[in-house]
Amino acid sequence: MSRHLIFVLCGCLLGFSGFAQQNNNDLVQSEKELSLLLNNIVASQSVSKSDSLNDIFTKEFKKALSIDGALKYPFDSLKQVGKLFSPDSNLRIFTWNIPQAGGLQCYYGFVLVRTQTGVVLHQLTDSRSDKSIDVHHAQLSDDKWLGALYYNLISVEGEGYYILFGYDYNNLFSSKKIIEVLSVKPDGNISFGLPVFSVDNKYVLSRIVFEFNVQSRFTLQYLGDDKMIIFDHLSPIKSEFAGDPQFYGPDGSFDGFKFEKGKWTYVRDLDLRNPQRDKPKPVQAPETDKEPGFLYKPMKVLK
């Protein structure tokens, strides 16, 4: 190899290193500014001021996520922003919420997708107030998103989609947890919802939405060894409140979805008790329910 070629290669490597370092410096500076904005949002006592500051934060965050290297950059100081990274390192999700008057919420988010040609950035638009959306069956784009704070991401090997667990503060009376499906196409486009949840060989759903009393502690977890999603079975506190989710809560029993033959199949009344304890008697035994609690229609968003 000639000395000239060696010098050229060294120059290219040094140039690339300098470019990468500049990108990292830009990300560090952007994070500092974003963290300051977040602190001001949290400290604000005015909904209108919080919304205005969040508009600035969202625009600046989008700029930061457009910088090369943002897919792997930690953004650790943004404590109020949920951050999930897929096990295959091809997907990054950011979500956060801004409280509104009357106990309502607005949700915001970005999704970064690695493709063969680069990284694609998606901005998520909260559309929970859109009454035309069939939450059980709709397949939605990034600009028609059922907003939530995502707290867990499951990579479903060989299926081309991810499972997301989300939390929605909803309103003063009820909260929600969501099992969402995120599909990613080779070009980086994404969609939410996929008909992969089979219930009693009767329903095929694209997502699962649980709504329950705001004071209830609802469990939604993934057991990786068993390839099973488990959750509390919801029942009304009194039979006369059946169908009104603000009066629903865990009844001591558990249900789940088990991954079998490419579908998530609903399984009733799982035995998850400590072997040293007797099985609790649920308020309303799951096997007597005509339909699972998550099949009721979600309450309308209050205005």
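Take the conditions (1) under 21 Å from G166 (Cβ atoms); (2) at pLDDT below 90; (3) of a type outside the set (A, V, I, L, M); N201 misses just one of them, which is (1).
Somewhere in segment 32-46, is a residue part of a helix (DSSP H, G or I), exposed (fewer than 15 other Cβ atoms within 10 Å of the Cβ) and modelled with pLDDT under 55? Within segment 32-46, not a single residue is part of a helix (DSSP H, G or I), exposed (fewer than 15 other Cβ atoms within 10 Å of the Cβ) and modelled with pLDDT under 55. In this structure, F57 does satisfy being in a helix (DSSP H, G or I), in contact with a strand residue (DSSP E or B) (Cβ under 9 Å, 6 or more places away or on another chain) and not polar (S, T, N, Q). I'm checking my understanding of the structure. Among residues of segment 170-192 that are touching an Asp or Glu at 6+ places or on another chain (Cβ under 8 Å) and more than 29 Å from V120 (Cα to Cα), which one is surrounded by the fewest Cβ atoms within 10 Å (Cβ to Cβ)? Selected residue: S175. Consider segment 98-153 and keep the residues that are over 16 Å from the mean Cα position of the chain (by Cα) and either assigned by TED's automatic domain parsing to the domain that holds I41 or among the charged types (D, E, K, R) (or both). The one that is surrounded by the fewest Cβ atoms within 10 Å (Cβ to Cβ) is K131.
Scanning segment 197-220 for residues that are over 13 Å from the mean Cα position of the chain (by Cα) and either part of a strand (DSSP E or B) or surrounded by 22 or more Cβ atoms within 10 Å (Cβ to Cβ) (or both) yields a total of 10. Only one of the listed residues (Y167, Y162) is assigned by TED's automatic domain parsing to the domain that holds D251, free of Cβ contacts under 8 Å to residues at least 24 places away in the same chain and assigned to a strand (DSSP E or B). That residue is Y167. All of (1) within 16 Å of G293 (Cα to Cα); (2) touching a helix residue (DSSP H, G or I) at 6+ places or on another chain (Cβ under 7 Å); (3) touching a residue at least 60 places away in the same chain (Cβ under 8 Å) hold for L172 with one exception: (1). Can you tell me which of (1) at negative phi; (2) at pLDDT 95 or above is the one F16 doesn't meet? Status for F16: all satisfied but (2). Taking V81, is it surrounded by 14 or more Cβ atoms within 10 Å (Cβ to Cβ), in contact with a His (Cβ under 6 Å, 6 or more places away or on another chain) and under 21 Å from N152 (Cβ atoms)? Spelling it out, it is not the case that V81 is surrounded by 14 or more Cβ atoms within 10 Å (Cβ to Cβ), in contact with a His (Cβ under 6 Å, 6 or more places away or on another chain) and under 21 Å from N152 (Cβ atoms).
The values are calculated or read from the model by the stated rules, or taken from the named source; none is laboratory data. Computed from a prediction, not measured in an experiment: that's the story for all the values here. Quick reminder, even Gly has a Cβ in these numbers, built from the backbone with ideal geometry, and neighbours come from all protein chains shown.
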